[in-house]
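Below is one structure, written out as structure tokens; comments come after it.
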Amino acid sequence: MAALVLLGRLVGSLAVALRLVAVVMPLLYFVVAEAYYQATPGKLLFGLSVVTVDGEPPDTLAHVVRGLTRVPEAMVLVPYLVVVPFSERRQRFGDMVTETLVVRRGADRRG
């Protein structure tokens, strides 16, 4: 009986750990890729990069905030689909908060 209780706790702990990894790993993907390359592999593939509205590389905090805002944006997809196409600079919420833009590499980057 004690073994079943212990097994149940282990499985519960494992489930919590897996949920945490499922949230943290995607955030790390975006934050690390954009902090080092100013773009994720997908953005690089399409010739895009993340810059500030002044055309400068964003600081690490901006990348972290952009990554963290992806979670509520993913949870509430409808406002995200409405905000981006109709915002002046076609920014998602995280870009508005951090004053960043996703632009074509080599383009005039000032917003």
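Odds and ends about this structure:
- ³J(HN,Hα) computed for each position of segment 60-73 - Karplus, 6.51 cos²θ - 1.76 cosθ + 1.60, integer Hz, glycine/proline x: 4, 4, 4, 5, 5, 5, 4, x, 5, 6, 5, 4, x, 5
- For the residues ARG66, ARG92, ARG19, a GNM of the chain with alpha-carbon springs under 10 Å puts the largest fluctuation on ARG19.
- Crossing angle, helix 77-86 versus the chain [Cα axis fit, 0-90 degrees, rounded to tens]: 10
- Projected-area average for the chain over all orientations - Cα convex hull basis, square nanometres: 8.8
- Among ARG70, ARG104, the ranking by other beta carbons within 10 Å of each residue's beta carbon, starting with the fewest, stands as ARG104, ARG70.
- Using a Gaussian network model of the chain in which every pair of alpha carbons under 10 angstrom is joined by a spring, one finds that among ALA39, ALA17, ALA62 the greatest mean-square fluctuation is at ALA17.
- Springs between Cα atoms under 10 Å define the GNM used for the chain, and in it the highest mean-square fluctuation of LEU68, LEU18, LEU28 occurs at LEU18.
- Relative contact order (%) - the chain, alpha-carbon pairs under 8 angstrom, separation at least six: 27
Computed from the coordinates by the stated procedures, all read-outs in this text should not be read as laboratory data. Bear in mind that the values here come from a model prediction, so they are computed numbers and not experimental data. Virtual Cβ from ideal backbone geometry, glycine too; neighbours counted across all protein chains shown.
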